[in-house]
Each structure stands twice: as C-alpha cells, then as structure tokens.
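Notes follow the structure.
Since every read-out is calculated from the coordinates, none of them should be taken as a lab result. Nothing here was measured: the structure is a model prediction, and the numbers come from that model. Don't worry about glycine lacking a Cβ; one is built from the backbone with ideal geometry, like all the others, and counts go over all protein chains shown.
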Amino acid sequence: MTGRWAAGAAVVLALGCVTASAQQPLDWPRESPPPPLPARQVTFPPYELRTLPNGLQVVVVMHHEQPAVNLRLMIGAGAASDPVGKKGVAALAGQLLDQGTANRSATDVAEAIDYVGGVLSVGAGTDLSFANVLVMRDSFDFAVDLLAEITRTPSFEQAEIDRQRQQVLSGIQVSMDDPAYLAGVVFSRLVYGDHPYGMPHNGTPQTVLSISRDDLRAFHQTHYAPNNALLAIVGDVDAEEAFASVERVFGDWERRPLPPTPSTQLPAPARRIVVVDKPGSVQTAIRVGHVALPRASPDHLAFDVALKILGGEGGNRLGSVLRTERSLTYAASADVASRRFGGDFMAKTDTRSDATAEVLRLIVEEVARLKRERVGRRELENAQAYLSGSFPLTIETPNAIAAQVLESLLYGLDLGDLPKYPERINAVTVDEIQRVSREYLQPQQLSVVLVGEAATFLDDLAGVGFDDVEVLSVSELGRFLGQGTAQATLESPLLAP
Amino acid sequence: MKSPAAGRVLLVFAVSALASLLLLSATVETAVRPPKFDYELHTLDNGLTVVLSEDHSTPIVRSELVYHVGSKNEAPGRTGFAHLFEHLMFKGSRNVLSDSHLTLISRVGGDGNAYTTEDSTTYVETVPAQYLPLILWLEADRMATLRIDKETFESERLVVKEERRWRYEDTPFGLLSEIMYDQAYSVHPYKHTPIGTMADLEAASVDDVQEFFDTYYVPENATLVLVGDFESSEALALVKHYFDRVPKAAKPVPRAIPREPLQTGERRINLTQSQNWPLPAVIVAYHITYDGHPDAYPLHIAVKVLSDGQSSRIFRRLIYDDQLAVSAFGQGTIIDDPNLFYAVSVVQPGRTAEESEKALIEELDRLKTDFISDTELQQAKNQFARDYVFTRATVEQKASHLSHAAVIHDDITTADAEFDIFMNITKEDVQRVAQTYFTKENRLVLTIAPPAPAGRSFLQPGDEE
C-alpha cells in the first residue's frame, strides 16, 4: 500500500475509430493531419560497462543537466530463489537492507539519507533484489559508501525483523481487500503451479511467520555476492570518478560460488477457472492467460508485438471491443510478463459485476482470434509504428538507459540489440506474428481468475463455456495458495483446518 | 522501483511575497542549485497563453494544454462533470474521428493522455519532435470544433462510471479522499472530488456539454506549454498557424466560486465503512490557505518535517517507535482555493484509533509549541532541493512545472523563483503557520473503521496480531 494518494487524476485510454457527425457552426477548414517536419537523428546515448576482478558488473551513464546521481545495485536473486517453505525471505531480506548495518542502526541510516535530501529504496522482485540511492551530486561519496554498507553488511537485528514482518503481515491484510492483488496472486498460482513464480513475493502469513533471522542471513550470505550483482551509476558524475569509487567500496567484496539455479519445470497450460468471491464488489477483476516464454527466448520480440495487437499501445483489440465499442470497462490490456525461467501472457480488465461473463467471453474470443486469423498488414504496421516510433521517448533519461542495460545484463540478452530496437521491430512480419501466436497461444487451456461478487455472475459462466468453476472465499485463499505445494507440506501445522 | 521523490512540488509564493523575500535573501546555504528554466512567454490575439522551452537533449517534444477549469467550477448537482467532459474531448472534432485522436498520436510513436483536477484539466502529448505540427493541429481542432452528440455522451458516461467503480469504489481506502472532503467542507466545491457521484453523472445531459465547452474551453482560459527539441521561432509560427484561427471567447470566463465559511469549532466524526475498508483509518485535518499565500511555504516545510523519509516525525513516532500504524503521513493540499492540511494513520491491527489520533495531534501540536530543530530545517530544505532537481529531468516534468507556474500562479517566474524563497524559510515561520492553522477550532477528526471486529483477514486466530 502506498502512503499517499492523488485526488482525482483521471486517465484516458481510447483507441479505435467510430464515425459520427454533427453540425459545426464555425467556419473551420476541412483538412487532413499535417505532414511531419524533417525527422531528427536518434542515437542511443553512450554508456560504459566494466567488470571488476571480483565479477561485479558496473554500468555508468553520464548525464550532466541536473546535479543528481542515482546508484542502482541489483542482486540476481529474488523471490524465485526463496527456500522451499519460506516464501517471503528474499522480500523480507530486501526490505531489511536499510534497517541497520554493522555500523549504523536503522534510525542512523534514516537520518543520514534524509539529511542530505536523498532517497533510499530497497526490496526484492521475482528474479532480483535491489538497493537504490538517489542523491544530489555533492553527496555522491556518501551515497557510494552507504550503498556498499547496506548491501554488504545488513545486520538483520531481531527487533527490526519483527517490525518489518508485522508491516508485511498488515500489508497482506490490506491486500486481501484489493481485487487487483487477489487476482494477481491467484493468477500466478494457476499459471505457474508449484514453480517458485507461483507464490506471492511477500509470502503468505504462514510462511512469513516462519522466517527466522538465520533464514535471512543465509539468503544474504548465499546470493549477495559481487559475481551475482550489477551496479549502475547514473547522472552527474564523471565516469572515471564513478569507477574509482566503486572499486574503493566494492573492490574487496569477495567472489563466492553461487548456488545452482532452480530447475523446476513450468507446468503446461491447463484450463482452469477460479472465482474469488468478494460480496459487495461493484466490479469484477478479470485475468486471463497462461504460461508463455522466458525473456531470453528468440521469439520474445515477435510475441510481444502480437500481444500489443491484442491489448497494447498502438493496437489493442481488447480496448476497441470492450471500451470503445461497448463501454464495458475503463481499461483493457494484454501483456507479456517474461522472466528468467519463464513467462506468461495475461489479458486483464475490470468490469461491472453483471457484465462479467460477457466480458470474459469477448476476451477469450479475442485470444482465439489472434491464434486463428492472420493479423492485418495495416494492423501490424500500426503496432510497429508505435513501438519503433516511440524509441526516442524510451531513451530520454539516463535512468531509462541504465534500466535497459541492466535488464539486458540480468537476462543475458545481447547489448548490441538495444540501439537496434526500431529496426528489429520493423522487421517483424505478419507470418511471424502468426507463427508465434499459433505456437504460444492455447485458447482452450486458459487460466481464468475472476474476483468479484460471485452471486451476480456465477450462473452466467456456463453460458460462455466455463462450467467447471472453483469458488473461493477470501479467507480460503491461504489454503488455496498453499495446496499441493511443498510449502503446504512443510507449513501444514500453521494452516487452518 | 519508483522513487518517492517523484512527487511534484506544488507550493509556490505570490509575486508580492516573493519580491519582498528576495530582497531579504542574503546567502543561501544549500548544497546544489538546479539550473534555471529557459523559456519564452507569448499571448495570442485570441487570449491563448503560450510557453515555449527548448530542450535539445532528446529529439522529442512534450505538449501540455491546460484549461483552467476543474471540478471546483462544476455547477451544483453536476459533480464529476469536468472529468466527464475531459473524456468527451477524445470523441472527435471537425477533422478528427471519434477515438482517433490517440490513434493518430500512437501511430507516430507518441503518447497522449489527459487528467482532471479540482482546478484544471490538462491534455498532454509526447511525440518524436518532427510531429509537433500534428499535435498542435489536433489540439486546435478540438478546441474550436469539438463534436458533441447524445449517443457518444451516453456511451462515454458508462466508461466514466466504470472508472469510478475501478479507481475508487473497489479499491482499499479508495473513498478516503471523497469522505474526508465531504466532511470537511460545507459549500465550497472542494466538498466533492473530481470523480463526482454516480447520481450526478447520471443527471448530466448533453446540453450541459455544449454549455461547458462554450464557457470554459476558450483560448483565454487555456495555456499551451511546449518543451522539447524545437527552435522557438519555428514552434511559435506553428502555434500561430493552428491556434490563431480559434475564435476569441464570446463572453468572459466566470470565476466566482462559493467561499467556504470559517470553521469555528472542532468537528469529530466516526463512520463505519463496510466495503473495501480493511483497517481503521484516522484523519486529522485543518483548513489552510491557498497556493500563492505567504504561509504556503512554511506549511510545505511542515509536511517535510512530519512526513518525508523514515526519520520524519510521523513516520518515526507512529510507524517505527510506537508501531501504531501500518501507514501514516501528513500532507498539505495547497491549490487554487483554500484546501486542507491533513494527517492520516491506518491503524495497525491490535492498536486503537484513539492512540493514532492522540499521536497525530501531539505531533501537529508540537510544531506550535516548539521550534523545529536546525537540523530538521536544513534537512527539509535539502529534501526540497532534491525534489526540485529530481523532478526536472524529463520534458514531461519540465512542462508540468512551467504550466503550474503559468496557470495556477499566473506568474511563470515562480517556476524558478520558489527555490530561493524556500531556502529562506525560518523555523519561526514554521511555528507561526502551525499556530495559525493547527488549532482545535479549525480541526476535523475523522475516524473511518470497518464493521467490528476487524475485517476480512486470512490471519488465523493464534497468529500474531
């Protein structure tokens, strides 16, 4: 949960064409859109990449317009590397990085970073853990020292563990009222099954309660190593100064043997529909998809374009069908989530409760149509025009450059592809879209999650082809997430009967 | 991984206060100064304000077209209308088919959007620089010739209702803002939030659309800000080509807004919220001043001291030391008309709302009785400088600062000048504004709780609280 909200920001996502006519009293020319000015040269901004003898890879992107520096350290292990039965270790360990070190208490760390007007953020995702420090230029040395201290010597004091654990548990309790969270965790569990990607990053109350100080120290000891880390230094700093500072604070960090990567197989897509009943809801959160492909797959680019046609910028059939043509939703989209060991695709929207079955039918039909029919050449060109045309928008800030470089390093992609993104997008053909759609989409094997007031729509689901529906109450969610997994076996004493 | 520093700083001084403070300012003790904006300001014959700021670092351009009309301009019984109208601006004009505005932009690799606040409605585009003519043409076309028809109006109203359900009704604590403002105000339209009520959305008619368009969507009520890779002279010629032909308004833009009467006694409200309210929330709110009033800056310092970072007072007290709250913060909404300074605590399971209320009020009262420390003051200034620097990295952020200064302050120089004003705030200033506004008579204490006992949790009996 975030601590703040903005009053009344409203977003508009409207695509597609519907003709209409009306009288215009004003004398105003009838005309077509104007032609563009001469195109500008677009160049991928320079960056420097070096590897320290201990294996730490360091990227420097210099940018001198604003007097600020951003340091981003990434560890190549996240929630997917949690020990069996201890879901939430990576997340809790990440969250504790700034809660005390060998030299400073949690409050010392907070006071130090706050005083210089800096921002410190820490945590863990699926495949990585991270610590970021943003400071103004004159605090660069301080930031480098602090980053090394919190990532190399976190103290994991018991009192701080207890505090953060309570925050995680309370956060989960709040999330139990959040349809987007519920839909997301159930969808992951359906799609990834017993694979580590199938459980929520933060764990469940049962697993979080079982995490000990030793678990956290062991995770840190095992995964936080220079040969498993990436560091980006971005902004108003000289490259040589940056590399020298990194050498100073990370140079003596000892290389360590890394554990073998988890080898759990991803399950094959299997048709399954789960309703999380939330009486009183006015909308249903709908998530539809299945396992697709890992980030490093050579088909990733073409599949991503195919999904943009289904539900992304520059295309978005779902938006046209559900919003523009039928006013059934505020937003509909489809995305590829590709990680190190595998990925998924997911179509999502939220609609008023009584329209749930109809919207589900329309989504499933659009997935099927993408597999069944060749996309139009014009439709592909529009998606390509957006993706390749927006390239200059994606390289505006040094942080955006660093993020692209770090992503490539993390997933083992070819760095040489980064500047060639527009050319690679424009080379995708209609045939290729059809090939990847046929290969990766299985409309008969979709996982479906519906979070909303079951009584309103449950009887309609059979009529749109889903008759084997599992219905869960929110209080049954913990059991559902744990069932059939190694976690369930280990943690069964903590599970409710 | 988004940084909490990304929030925009919205607090700026009035010109008079600014001038007097600049005279007093001697040496400003701060770490790093951000560079100043380079911009041109023009006004077209029809009244359109134009701000041009060149930035050649990336071949893109950002456009912000701000209409100085928001939910506070809505007629009684028409809450949510300014935002509903914003949606209709994507439904076609003389040369643009319904829903094709964004399609035309995405086909050149650009992004477009719009948002509505209490005070203004902003239409934005970011495109590769060579497509500047396209976005000017699109914006001028809908400013002059918006297509309005009943069928489109009714279908888009359904979409806005879905937006309300999704963004506010089915989200944990999603209605907190709405409830707070409804309780805090009696007559000023800040009593309602921009999304409005379902009943009022339903009551709106297509006739209201034409009236609103004719009244508020006129050049003299609009400011166009362009930031990016262009030559200003060339950009100005393009702006004139497309916008000079938009006619001047037939009547002046109405500016009268009902004033909120002074609150003269503490208001205490306890409510139960059965849906999407997982934990009790305590809100302590005070009526404050408007953006541009000299008190605005010290109030902003107070926000920093209370709530910026883990060493801030509210975080340290309620979350870290006493562990009373899952989330707690203080915030000042300083906008066109007097709004609220409020502190919120989402109560930690096992603790009480009374404990949170007591702690929040004590922290706010402490600002009245004791000076903040020199360290806290310097820290707040460093954090302000950081916000200033970190939120001017992109053409989008730059355009946002410039438009805010030009529209809300009606003085574009404030986009840069606020920095020195802020650096000269004293701890006496902070105490003075705390004593002015954080009084019991001016206070609303609002507790909103789920039906007892605590809501739907899958924490099991015997687990930790």
> Once fully extended, how much extra length lies between B:Asp370 and B:His241, figured as 0.36 nm per residue of separation less the alpha-carbon to alpha-carbon distance?
Replying inline: 40.6 nm
> Where in the range A:82-116 is the amide nitrogen less than 20 Å from a point lying 7 Å along the Cα-to-Cβ axis of A:Arg217?
Replying inline: A:82-84, A:86-106
> Taking chain B as the region of interest, what is the percent of Cα-Cα pairs per 10 angstrom bin, listed from the shortest bin to the one with the maximum distance?
Replying inline: 4, 18, 27, 26, 17, 6, 1, 0
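In whole percent, what relative contact order does chain A give with Cα contacts below 8 Å and a gap of six or more residues?
On the way: 892 pairs, mean separation 100.7, N = 497.
Rounded, it is 20 percent for chain A.
Peptide B:126-138: average number of partner chain Cβ atoms within 10 Å per residue?
Numbers: counts 4, 5, 10, 7, 6, 7, 3, 5, 5, 1, 1, 4, 2.
Average per residue, whole number: 5.
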>> For the pair B:Ser186/B:Arg267, report the inter-label distance in nm, with labels modelled 7 Å from Cα in the Cβ direction.
In response: 0.9
> Mean 1/r over all different Cα pairs, inverted: what Kirkwood radius does the range A:48-250 give, in Å?
Replying inline: 17.7
>> Taking every DSSP beta bridge with both residues inside the range B:36-243, roughly what % is antiparallel (nearest 5)?
In response: 80
>> From the Cα trace of chain A, what convex hull volume per residue do you get, rounded to a whole Å³?
In response: 188
> What size of dipole, in debye to the nearest 20, comes out for chain A about its Cα centre when the only charges are +1 on Lys and Arg C-beta atoms and -1 on Asp and Glu C-beta atoms?
Replying inline: 1060
> Rg and Dmax of the protein assembly as shown, using alpha carbons, in Å: what are they?
Replying inline: 27.5, 77
> Using bins 5 angstrom wide from zero, how does P(r) for the range A:272-466 break down, in % of all Cα pairs?
Replying inline: 1, 8, 15, 18, 18, 14, 11, 8, 5, 2, 0
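Among DSSP beta bridges whose residues both lie in the protein assembly as shown, state the antiparallel percentage, nearest 5. Intermediate results must be reported in sequence, preceding the final value.
On the way: 97 of 127 bridges.
Rounded to the nearest five, the antiparallel share is 75 percent.
Is there a quick way to get the dipole size of the range B:123-233? I mean about its Cα centre, with the Cβ of Lys and Arg at +1 and of Asp and Glu at -1; what is the value in debye to the nearest 20? It would help to have the intermediate numbers written out before the result.
On the way: 9 positive and 22 negative charges, 54 e Å.
That gives a dipole near 260 debye.
Are there trypsin sites (Lys or Arg not before Pro) in the range B:65-105 that DSSP puts in a loop and that have at most 12 other Cβ atoms within 10 Å, and which ones?
On the way: sites: B:Lys72, B:Arg78, B:Lys91, B:Arg94; in loops: B:Arg78, B:Lys91, B:Arg94.
Passing sites in the range B:65-105 do not exist.
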> Using 1/(1 + (r/R0)^6) with R0 = 41 angstrom and r between the beta carbons of B:Glu211 and A:Ala159, what's the FRET efficiency to the nearest 0.05?
Replying inline: 0.10
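Counting DSSP beta bridges in the range B:267-449, what percent are antiparallel, to the nearest 5?
Numbers: 20 of 26 bridges.
Among the beta bridges of the range B:267-449, antiparallel pairing accounts for roughly 75 percent.
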>> At 7 Å along Cα-to-Cβ for each site, give me the label-to-label distance between A:Asp27 and B:Glu362 in nm.
In response: 7.4
> Going by average Cβ neighbours within 10 Å, how do the peptides A:441-451, B:79-89 rank, with the highest at the top?
Replying inline: B:79-89, A:441-451
> Looking only at other chains, what is the average number of their beta-carbon atoms within 10 angstrom of each beta-carbon in B:112-122?
Replying inline: 3
> Going toward the positive end of the dipole of the protein assembly as shown, with +1 on Lys and Arg Cβ and -1 on Asp and Glu Cβ, which of B:Ser186, B:Tyr342, A:Pro422 do you reach last?
Replying inline: A:Pro422
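Over the alpha-carbon set of the range A:95-142, divide Rg by the Kirkwood Rh and report the Rg/Rh ratio to two decimals. Present the calculation step by step, with values, prior to reporting the outcome.
On the way: Rg = 11.5 Å, Rh = 11.5 Å.
Reported Rg/Rh (Cα atoms, Kirkwood Rh): 1.00.
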>> Students often check this: by mean Cβ neighbours within 10 Å, which of A:355-367, B:128-140 ranks highest, and how do the rest follow?
In response: B:128-140, A:355-367
> Counting Lys and Arg as +1 and Asp and Glu as -1, each charge on the Cβ, what is the dipole of the range A:365-485 about the Cα centre in debye, to the nearest 20?
Replying inline: 500
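Per residue of A:372-379, what is the mean number of Cβ atoms on other protein chains within 10 angstrom of that residue's Cβ? Don't skip to the answer; put the middle values down first.
Values: counts 0, 0, 0, 0, 0, 0, 0, 0.
Partner Cβ neighbours, averaged per residue: 0.
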>> Could you tell me which residue out of B:Ala249, B:Gln378, B:Ala353 lies farthest along the dipole of the protein assembly as shown toward its positive end? Charges go on the beta carbon: Lys and Arg +1, Asp and Glu -1, centred on the Cα centre.
In response: B:Ala353
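How large is the direction-averaged shadow of the alpha-carbon convex hull of the range B:267-449, in nm²?
11.2
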> What distance in nm separates the simple spin-label points at A:Glu240 and B:Thr439, each placed 7 Å from Cα in the Cβ direction?
Replying inline: 6.3
> Can you tell which of A:Leu446, A:Ser388, A:Ser281 lies farthest toward the positive end of the dipole of chain A, using +1 and -1 charges on the Cβ of basic and acidic side chains (Lys, Arg; Asp, Glu)?
Replying inline: A:Leu446
>> Viscosity 0.890 mPa s, temperature 25 °C: what is the translational diffusion coefficient of the range B:36-243 from Stokes-Einstein with a Kirkwood Rh over Cα pairs, rounded to a whole number of µm²/s?
In response: 136
> Which of the lysines could a cross-linker bridge to B:Lys72, judged by Cα under 29 Å and excluding same-chain residues fewer than eight apart?
Replying inline: B:Lys91, B:Lys150, B:Lys161, B:Lys191, B:Lys248, B:Lys251, B:Lys304, B:Lys398, B:Lys440
